[in-house]
Amino acid sequence: MSSLEPTRRQKEVLEAIKLYKSQNGYPPSFRELGEVLGLKSPSTISGMLDSLRKKGYVTWQEGRPRTLQILKTTETTA
């Protein structure tokens with residue numbers, strides 16, 4: 001697996017974002033995403049999203065709620 005490929009857990013994060021957006025019509029907040037994934041620490045979800053951002057899979061506008069966007073998908077999130 002190349003360093004630009006998302007890990008299994010990162011793929012789960014991408015899938016959770018996609019599912020939340022399809023069910024609600026808007027992307028989750030970081031806190032809501034953490035709840036969906038069963039994560040209690042905001043720093044854990046922030047770290048995962050930072051890694052996905054560096055790999056080019058997601059982006060968001062700092063300080064603005066619900067701006068999380070998937071830029072590219074994996075085979076499991078296509």
Among residues of the range 31-58 being in contact (Cβ under 8 Å) with a residue 40 or more places away in the chain and either polar (S, T, N, Q) or touching a Pro at 6+ places or on another chain (Cβ under 7 Å) (or both), the residue farthest from THR74 (Cα to Cα) is SER51
Give the number of residues within the range 16-25 that are surrounded by fewer than 16 Cβ atoms within 10 Å (Cβ to Cβ) and not in a loop (DSSP other than H, G, I, E, B).
4
Residue satisfying condition, being out of contact with any Phe, Trp or Tyr (no Cβ under 8 Å at 6 or more places or on another chain) and modelled with pLDDT of 95 or more, within set GLY63, GLY25:
GLY25
(1) surrounded by fewer than 17 Cβ atoms within 10 Å (Cβ to Cβ); (2) in contact (Cβ under 8 Å) with a residue 40 or more places away in the chain; (3) out of contact with any strand residue (DSSP E or B) (no Cβ under 9 Å at 6 or more places or on another chain) all hold for PRO28 apart from (1)
How many residues are within 15 Å of ALA16 (Cβ to Cβ), at pLDDT 95 or above and part of a loop (DSSP other than H, G, I, E, B) when one looks only at the range 39-59?
1
Restricting to the range 47-69, and then to whatever is more than 11 Å from the chain's Cα centre (by Cα) and basic (Lys, Arg), can you tell me which residue is surrounded by the fewest Cβ atoms within 10 Å (Cβ to Cβ)?
ARG64
Any chance SER3 is polar (S, T, N, Q) and surrounded by 12 or more Cβ atoms within 10 Å (Cβ to Cβ)
no
One residue is enough: does the range 30-37 have a residue meeting the conditions more than 23 Å from GLY63 (Cβ to Cβ), in contact with a helix residue (DSSP H, G or I) (Cβ under 9 Å, 6 or more places away or on another chain) and either of a type outside the set (Gly, Ala, Ser) or not in a helix (DSSP H, G or I) (or both)?
no
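The values are calculated or read from the model by the stated rules, or taken from the named source; none is laboratory data. Since we're looking at a predicted model, the values are computed, not measured. Neighbour counts run over all protein chains shown; Cβ positions are idealised from the backbone, glycine included.
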